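Structure record follows, encoded as structure tokens.
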Amino acid sequence: MNTTSPKPVARRSLFKAGAFGAAAVAGGLALSACGGGSLAGSGGGGGGSKTFKLAETHPDDYPTTLGDKKFAELAEKYSDGRIKIQVYPNAQLGEESDAIEQVQMGSIEMTRISSAPMGEFVPAMGLFSLPYLFDDADHLWRFLESESGKKLLGEADGAGFKGLGYFDPGARSFYTSKTPIKAPADVKGLKIRVQESQVQIDFIKALGGSPTPMDYGEVYSSLQSGLLDGAENNEPSYFSASHYEVAKNYTLDRHMRVAEVLLINKDTWAGLDAKDQEALQKAADEAAPFQREKWDAQVEADLEKLRGEGVTINEISDLAPWREATKSVIDKHGADLGEYLDAVEELRTA
């Protein structure tokens with residue numbers, strides 16, 4: 001059982017019935033007897049073999065899922081078979097917010113989570129939702145691999161987690177059904193789908209658009225019917241959801257780079273001996289560049305497919321006017337993130 005009291009979670013109940021239901025359906029709360037069968041993990045503490053569950057919302061062949069699987073493979077290798085990690089893709093253990101609640105409680109041990117919902121548990125993770133913060137992927141990774149990036153990952157400790165590392169989620173960009181977006185002024189008056197995020201809502205408002213919170217599954221039909229003028233997401237999501245069929249203008253402004261985080265329950269981590277902790281950390285460190293390579297390859301492949309489907313791709317090379325138009329969003333939502341914002345700026349030209 002968990003022995004520490006995790007930080008209270010804003011807006012969501014830790015004991016939401018759906019969280020336990022999803023886990024029960026996809027693998028059960030009846031944990032294996034490998035090492036004692038506690039809620040903190042199917043392996044319990046100390047020596048012996050341990051089998052952990054890792055929740056993943058994306059499909060089996062998605063780059064983050066492939067990264068999870070590489071992490072599991074390496075963890076078993078470096079622990080000499082003492083640690084086995086079962087990856088559950090396709091949201092079998094629940095959607096991201098449900099999965100992270102279960103990891104916080106210890107009913108499952110691990111998850112790969114976007115830093116967007118993670119910001120609800122660790123407010124400093126909201127850094128990655130700020131618009132036009134990073135120049136490119138290399139700038140993002142300079143920050144993630146810096147002491148500041150490691151310190152930010154360490155803030156998960158106060159919420160009942162141990163952050164093992166970051167994965168790459170690419171960048172979110174705009175796509176529209178009729179009017180192509182080539183400059184900030186082009187967003188004015190457009191109904192743009194956003195996630196349930198005040199940062200995203202304020203971002204679209206700053207550009208003069210009309211933010212429309214909506215479930216992801218409703219976006220296709222809403223673009224098709226005209227209820228929405230556009231939406232925003234990364235290349236693999238835009239392609240795999242077939243949104244290009246009803247929104248053939250894709251603007252690569254790359255306004256948001258929301259890092260992915262690999263997490264383990266803090267008590268599960270504490271129950272491992274030093275050798276197994278070292279094995280897990282080494283596995284996470286080596287899985288990250290593998291996942292990034294898979295992500296980059298997927299993006300290039302999907303962009304080629306999108307061009308073949310007749311999608312007009314507008315590449316934005318000068319971010320200065322976009323940053324100026326949305327500066328108010330960073331001023332508002334980055335007020336408590338000065339240390340990290342300073343580090344991002346310092347690493348801009350490193």
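Points worth noting:
- Residue in the range 223-230 that is surrounded by 19 or more Cβ atoms within 10 Å (Cβ to Cβ) and in a helix (DSSP H, G or I) present: yes
- Check on Lys294, basic (Lys, Arg) and within 30 Å of Ser49 (Cβ to Cβ): yes
- Among the residues of the range 167-197, those that are open to solvent by less than 10 Å² (accessible area, probe 1.4 Å), farther than 18 Å from Val311 by Cα and over 15 Å from the mean Cα position of the chain (by Cα) comprise Val187, Ile192, Val194.
- Pairs, first farther than 19 Å from His58 by Cα in the range 285-305, second open to solvent by 10 Å² or more (accessible area, probe 1.4 Å) and of a type in the set (Val, Ile, Thr), C-beta under 8 Å, six or more apart: Leu303/Ile313
- Single residue of the range 198-222 satisfying the filter (open to solvent by 30 Å² or more (accessible area, probe 1.4 Å) and of a type in the set (Gly, Ala, Ser)) that is farthest from Ile330 (Cα to Cα): Ser221
- Residue in the range 231-248 that is open to solvent by 10 Å² or more (accessible area, probe 1.4 Å), of a type in the set (A, V, I, L, M) and in contact (Cβ under 8 Å) with a residue 60 or more places away in the chain present: yes
- Strands (runs of 3 or more DSSP E) (entirely within the range 40-142) containing at least 2 residues that are closer than 30 Å to Gln200 by Cα: 50-55, 110-114
- Residue in the range 9-32 that is at pLDDT 50 or above, among the hydrophobic types (A, V, I, L, M, F, W, C) and not in a loop (DSSP other than H, G, I, E, B) present: no
- Any hit, the range 89-97, residues being over 20 Å from Gly48 (Cα atoms), in contact (Cβ under 8 Å) with a residue 60 or more places away in the chain and buried (at least 24 other Cβ atoms within 10 Å of the Cβ): yes
- Per this entry, Ile108 is counted among residues that are farther than 18 Å from Gln281 by Cα, in contact with a Lys or Arg (Cβ under 8 Å, 6 or more places away or on another chain) and modelled with pLDDT of 95 or more.
The values are calculated or read from the model by the stated rules, or taken from the named source; none is laboratory data. Just so you know, these numbers come straight off a predicted model, no measurement behind them. So basically every Cβ, Gly included, is an ideal-geometry build from the backbone, and we count neighbours across all protein chains shown. To get the accessible areas, we keep the full protein, side chains included, count just its heavy atoms, and leave off ligands, DNA and RNA. Shrake-Rupley method; radii C 1.70, N 1.55, O 1.52, S 1.80 Å.
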